[in-house]
Amino acid sequence: MRYVSTRGRAPERGFTDILLSGLADDGGLYVPAHYPQVSPDDLERWRALSYAELATEIVALYADDIPRARLAELCRVTYTPAVYGNVREGSSANDITPLRWLEPGLALLELSNGPTLAFKDMAMQLLGALFEHVLRERGGELNVLGATSGDTGSAAEYALRGRAGINVFMLSPQDA
């Protein structure tokens, strides 16, 4: 999978390159050069998968420069009941994102069962694992500078804390 800049003046790059780069060299955002096709058969097959297995299938479509077995392991250790165990009564942490039925035909997907109780945990926890993996492979270090007044900062801090090669600097408004 190759990624192109929304401004069109930066070289195409692979997933692990854009993962660590932030913005493209021309100031644009990197987006897939093409979008993978998912067939009805794929969707049907995916119905039986666990959350971690489903995440592996989907992320593998966009991150084909990470060996599939390694990506599966990263998803498996990220999406666990221990990490996403803040479920409501009647829900199972084994589901990672339980579906809460309110009435026939109407349900809510519980996305706030992660360590900071923010839906951002769903992506940030895997992002931390992906950062750490790529940095170990390349022998690099990453400084993350953020500014927040809400739950995004805490989700990022929690996802990146203690990870090898990653330093986080989070700014918050005074008296917030």
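The values are calculated or read from the model by the stated rules, or taken from the named source; none is laboratory data. Only a predicted model underlies this, so the values are computations on that prediction, with no experimental measurement involved. Cβ: placed from backbone, ideal geometry, glycine included. Neighbour counts: every protein chain shown. Surface areas here come from the heavy atoms of the whole protein model, side chains and all, with no ligands, DNA or RNA. Shrake-Rupley method; radii C 1.70, N 1.55, O 1.52, S 1.80 Å.
Summed over the range 112-139, residues that are charged (D, E, K, R), closer than 16 Å to Pro81 by Cα and not in a helix (DSSP H, G or I) total 0. Set side by side, the residues Leu49, Leu43 differ, and just one is over 26 Å from Val168 (Cα atoms), more than 17 Å from the chain's Cα centre (by Cα) and either β-branched (Val, Ile, Thr) or assigned to a loop (DSSP other than H, G, I, E, B) (or both), which is Leu49. Among the residues of the range 64-84, are any touching a strand residue (DSSP E or B) at 6+ places or on another chain (Cβ under 9 Å) and open to solvent by 50 Å² or more (accessible area, probe 1.4 Å)? Within the range 64-84 (the criterion being touching a strand residue (DSSP E or B) at 6+ places or on another chain (Cβ under 9 Å) and open to solvent by 50 Å² or more (accessible area, probe 1.4 Å)), the answer is no, since none of the residues qualifies. For the range 18-57, a residue qualifies if it is crowded, with 16+ Cβ neighbours inside 10 Å and either touching a Leu at 6+ places or on another chain (Cβ under 7 Å) or within 29 Å of Gly140 (Cβ to Cβ) (or both), and the qualifying residues are Ile18, Leu19, Ala24, Tyr30, Ala52, Ala55, Thr56, Glu57. Of all residues in the range 76-95, none satisfies the criterion of being part of a helix (DSSP H, G or I) and modelled with pLDDT under 95. When restricted to residues that are open to solvent by less than 20 Å² (accessible area, probe 1.4 Å) and under 17 Å from the mean Cα position of the chain (by Cα), the range 98-121 contains 5.
Mind checking which residues of the range 140-176 are surrounded by 14 or more Cβ atoms within 10 Å (Cβ to Cβ) and over 21 Å from Val83 (Cα atoms)? Residues satisfying the conditions are Leu142, Val144, Gly146, Thr148, Gly165, Met170.
Is it the case that the range 147-170 has a residue that's among the aromatic types (Phe, Trp, Tyr) and closer than 19 Å to Thr16 by Cα? No: zero hits. Here His34 clears all of (1) assigned to a loop (DSSP other than H, G, I, E, B); (2) within 26 Å of Ala159 (Cα to Cα) except the condition numbered (2). Look at the range 52-65: where a residue is within 14 Å of Tyr3 (Cβ to Cβ) and a partner is of a type outside the set (S, T, N, Q) and modelled with pLDDT of 95 or more, sitting 6+ places away or on another chain with Cβ atoms under 6 Å, you get Leu61/Pro36; Tyr62/Met1; Ala63/Phe15; Asp64/Met1; Asp65/Gly14; Asp65/Phe15.
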